[in-house]
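Quick notes on the structure that follows.
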Amino acid sequence: MSNHILPPDILENAKAWPIQEAKALKKRLDKTAKKDGLVTFETGYGPSGPPHIGTFGEVARTSFVRHAFSALYPDYETRILSVSDDMDGMRKLPPVPGADALEPYLQQPLSRVPDPAGEAESFAGANNAKLQAFLDRFGFDYEFISASDAYNSGRKDGALIRMLEVYDEVMDIILPTLGEERRATYSPILPISPDSGRVLYVPLLERDAASGTIVYEDEDGTRREQKVTRGQAKLQWKADWAGHWYAFDTDYEMSGEDLTESVRLSRRIIQAMGKEPPVGFNYQLFLDEEGKKISKTKGNGLTIEEWLRYASPASLQLFNFSAPKKAKKLYFDIIPKTADEYWSHVEKFADQEDAKRADNPAFFIHQGDVPSVTPPVSFSLLLNIVDASGTSDPEVLRGFVAKYRPDASEEEMAALEPMLGYAVNYFQDFVLPKKSFRAPTDEERAALEFLVQRFSEVGEDEAEDVYQTIVFDAGKAQGFENMRGWFKALYEVVFGQSEGPRMGPFVKIYGPRETAELIGRALKREA
RNA sequence: GGGCCCUUAGCUCAGUUGGUUAGAGCAACUGACUUUUAAUCAGUAGGUCCUCGGUUCGAAUCCGAGAGGGCUCACCA
């Protein structure tokens with residue numbers, strides 16, 4: 001690894017989208033006279049369920065922009081906030097074991113709902129922990145913020161008071177967008193009942209910005225007067241977004257295109273509050289193999305875990321880097337391809353001029369610290385080897401790779417190691433289930449026993465040809481009409497598939513004794 | 001219907017501030033090699049750059065209109 005610092009004039013002319021975003025952000029900072037100090041990137045998370053691949057994508061993409069910005073304008077200090085909306089009420093029971101016990105907590109802030117698994121201090125806390133574990137695994141640099149903490153600690157008090165002050169303007173913005181029924185009860189500020197602990201969707205009967213108090217009717221009909229500060233009230237959706245921006249001085253936040261309308265309204269709200277809205281960016285949603293929108297409830301598309309089972313975090317970042325404005329299909333087949341594309345970018349980076357590097361995805365994925373060594377084979381080739389050899393034994397796979405790439409350095413072989421792990425998972429999930437072992441015929445059994453015998457005796461360091469010849473000898477000794485049939489039988493009995501590795505090289509790598517044992521075990525399988 | 005976004009080879013995508021003959025990987029096809037297959041290697045083929053119009057000496061690229069697709073426009077977040 002070596003940190004590549006590209007000169008600003010090169011970056012200035014780069015066309016990669018994070019660079020364009022960084023330049024747009026700089027314009028905003030100049031406009032708001034925020035000439036130095038802290039630049040805040042915000043990302044959001046709804047802790048009503050575990051983090052999904054879209055949550056991850058938002059942080060990844062925001063990180064790309066942040067890196068571009070820091071590289072272009074190194075004088076600014078930057079931070080990424082990951083804000084969990086755990087003050088939101090629990091609207092329905094989550095699809096997890098033990099959820100029934102949560103019924104009494106409906107409508108209460110997610111941070112006050114107990115964790116049905118009993119591990120975290122709250123339901124939201126459990127999901128927040130998962131989110132952070134994911135982000136940490138990818139090495140993202142961020143600051144986690146619990147919305148509940150922000151409310152309870154008073155960090156959002158200023159935004160709530162300000163919302164009271166501009167209440168009429170905000171209502172004018174929101175009301176025209178609502179249906180008639182909702183219009184009658186809408187309030188941008190939602191009190192939290194001191195009695196039931198629930199977030200109440202009730203109209204405000206009275207309000208006083210100077211004292212920061214509101215009057216409303218609780219669910220049981222009680223008329224209450226209470227402060228909006230210190231977690232006694234929260235902001236409603238679009239107002240809440242504006243409230244985050246207001247409280248955290250957010251300069252940049254991207255969001256999925258399904259939220260474009262919400263962003264528009266939130267921008268108008270924060271303007272009513274007297275601040276400049278952050279620079280935004282709408283990225284497209286992911287689709288499944290059929291081109292349908294991926295949703296948590298439907299369970300279509302891939303999860304983060306599934307991706308990471310077959311390919312590296314960096315490859316998932318690449319998927320998020322390329323064409324964010326395009327609705328892309330996210331399904332298994334693209335994983336090996338994306339993984340190979342990632343390594344190809346890394347490989348190119350080493351020989352590229354700075355101007356090209358400034359557009360290379362690897363530059364953004366690694367924040368400039370691009371690896372200098374790549375694995376000796378592509379992931380696609382490795383999967384082919386796994387398929388053809390019918391094995392996921394890392395030692396054997398290493399042997400095959402070394403055979404394909406005799407010049408591979410130690411460092412390159414070391415870079416292969418994580419890839420081997422992904423190949424093993426691929427083998428277990430896709431190759432193994434298709435295997436079906438059959439019992440040998442008497443003739444085949446005799447030939448296989450012959451093989452066991454010979455491989456037990458033959459030298460460990462013979463040439464591939466020697467081993468290959470033994471296999472043919474076994475077939476001929478039993479009088480097989482064509483060798484193709486003999487090999488097919490060998491593969492079906494020993495490897496559980498009708499195709500397999502060339503036997504000579506396989507035995508050379510796997511070892512004649514080990515091969516003898518492998519065949520022996522296959523013969524006992526049906527015995 | 002309004003708004004935002006997308007459309008380049010069968011698939012996934014590149015295409016360097018408008019510039020010669022639009023490229024890559026996979027898939028397909030042909031051949032070489034291996035005493036089976038797969039793999040590997042070499043090569044071939046494949047495009048109305050969604051359509052039409054405009055700007056320009058010159059357009060995949062810029063502008064306009066249209067077509068197709070995605071999201072969004074009651075509630076909730």
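The values are calculated or read from the model by the stated rules, or taken from the named source; none is laboratory data. What you see is a predicted model, and the numbers here were worked out from it, not measured in a lab. With ideal geometry, Cβ positions are generated from the backbone for all residues, glycine too; neighbour counts draw on all protein chains shown. Keep in mind that these areas ignore ligands, DNA and RNA; they rest on the heavy atoms of the full protein, side chains included. Shrake-Rupley method; radii C 1.70, N 1.55, O 1.52, S 1.80 Å.
With charges set only on the Cβ (+1 for Lys and Arg, -1 for Asp and Glu), what does the dipole of chain A come to about its Cα centre, in debye to the nearest 20?
It comes to approximately 1200 debye.
The convex hull defined by the C-alpha atoms of region A:122-177 has an orientation-averaged projected area of 6.1 nm².
Pull out a ≥ b ≥ c, the square roots of the eigenvalues of the alpha-carbon gyration tensor of region A:93-156, then state rounded if a/c is under 1.5, prolate if not and a/b is larger than b/c, and oblate in the remaining case. Note, shape of region A:93-156 comes out oblate. Applying 0.36 nm per residue to the separation of A:Asp333 and A:Arg438 and subtracting their alpha-carbon distance, the gain on full extension is 34.8 nm. Helix A:410-426 versus the longest principal axis of chain A: what is the Cα-based angle in degrees, 0 to 90, to the nearest 10? Taking the Cα atoms of chain A, the angle to A:410-426 is about 80 degrees.
Remind me, relative contact order of chain A in percent, using alpha carbon pairs under 8 angstrom and six or more residues apart?
Numbers: 804 pairs, mean separation 64.7, N = 527.
Computed over chain A, the figure is 12 percent.
Of the trypsin sites (Lys or Arg not before Pro) found in region A:55-98, those that fall in a DSSP loop while having at most 12 other beta-carbon atoms within 10 Å are A:Arg91, A:Lys92.
The Rg/Rh ratio for region A:379-434, using Cα coordinates for both the radius of gyration and the Kirkwood hydrodynamic radius, is 0.96.
With kT/(6 pi eta Rh) evaluated at 37 °C and eta = 0.692 mPa s, and Rh the Kirkwood radius from Cα pairs, region A:71-177 diffuses with a coefficient of 199 µm²/s according to Stokes-Einstein. Put simply, the amide H of A:Thr78, placed in the peptide plane, has neighbours under 5 Å in A:Val39, leaving out anything fewer than 5 places away on its chain.
Taking amide H as placed 1.01 Å from N in the peptide plane, A:Asp359 has no amide H partner under 5 Å among residues 5 or more places away or on another chain. For chain A, excluding the exposed loop sites themselves (GluC sites (Glu not before Pro), DSSP loop, at most 13 other Cβ atoms within 10 Å), the longest remaining stretch covers A:1-118. When you filter the trypsin sites (Lys or Arg not before Pro) in region A:437-527 for DSSP loop state and at most 15 other Cβ atoms inside 10 Å of their Cβ, you are left with A:Arg438, A:Arg502.
Accessible area per residue for region A:442-525, computed on protein heavy atoms with a 1.4 Å probe, is 50 Å².
3J(HN,Hα) along region A:211-220, derived from phi through the Karplus expression 6.51 cos²θ - 1.76 cosθ + 1.60 where θ = phi - 60°, amounts to 9, x, 10, 9, 10, 8, 9, 6, 4, 8 Hz, with x in place of Gly and Pro. From the square roots a ≥ b ≥ c of the eigenvalues of the alpha-carbon gyration tensor of region A:35-128, which class results: rounded (a/c under 1.5), prolate (a/b over b/c), or oblate? Taking the square roots of the gyration eigenvalues as a ≥ b ≥ c, region A:35-128 is prolate.
Structural descriptor for region A:404-527: relative contact order 35 percent, calculated from alpha carbon pairs under 8 angstrom and at least 6 residues apart.
When the charge dipole of region A:26-180 is built from unit charges on Cβ atoms (+1 for Lys and Arg, -1 for Asp and Glu) and taken about the Cα centre, the candidate among A:Val96, A:Gln108, A:Phe69 whose Cα reaches farthest toward its positive end is A:Phe69.
Using just the helices of chain A, give the 222 nm mean residue ellipticity in deg cm²/dmol: DSSP H runs with n ≥ 4 each add -39,500 (n - 2.57), and the total is spread over all residues, rounded to 500.
The helix-only estimate for chain A comes to -14500 deg cm²/dmol at 222 nm.
Geometric descriptor of region A:387-522, per residue, is 100 Å³ (volume of the convex hull of the Cα atoms). Which net charge results when you count Lys and Arg as +1 and Asp and Glu as -1 among the other residues whose beta-carbon is under 11 Å from that of A:Arg357? Counting the neighbours of A:Arg357, the net charge comes to -2. With the convex hull drawn around the C-alpha atoms of region A:196-278, the volume per residue stands at 120 Å³.
Summarising the label geometry, the points placed 7 Å from Cα in the beta-carbon direction at A:Tyr404 and A:Ser196 lie 6.3 nm from one another.
Across every pair of different alpha-carbon atoms, what Kirkwood hydrodynamic radius in Å does region A:316-436 reach?
For region A:316-436, the Kirkwood estimate is 15.7 Å.
Here the spin labels are modelled as points 7 Å beyond Cα on the Cα-Cβ line, and at A:Asp149 and A:Asp136 they lie 1.3 nm apart.
On the principal axes of its alpha carbon atoms, region A:442-525 extends 30, 25, 21 Å, with the longest extent given first.
Note: relative contact order over region A:379-434, using C-alpha pairs below 8 Å and six or more positions apart, is 53 percent.
Could you tell me the calculated FRET efficiency between A:Asp172 and A:Leu6, based on Cβ-Cβ distance and R0 = 51 angstrom, to the nearest 0.05? E(calc), rounded to 0.05, equals 0.60. Summing +1 for each Lys or Arg and -1 for each Asp or Glu, what net charge is found among the other residues whose Cβ lies under 11 Å from the Cβ of A:Arg223? Taking every other residue near A:Arg223 into account, the sum is -4.
Once neighbouring chains are kept in place and the probe is 1.4 Å, which whole percent of the accessible area of chain A is contributed by carbon and sulfur?
That share works out to 48 percent.
Chain A has equivalent-ellipsoid semi-axes of 59, 29, 16 Å, by the square roots of 5 times the alpha carbon gyration tensor eigenvalues, sorted largest first.
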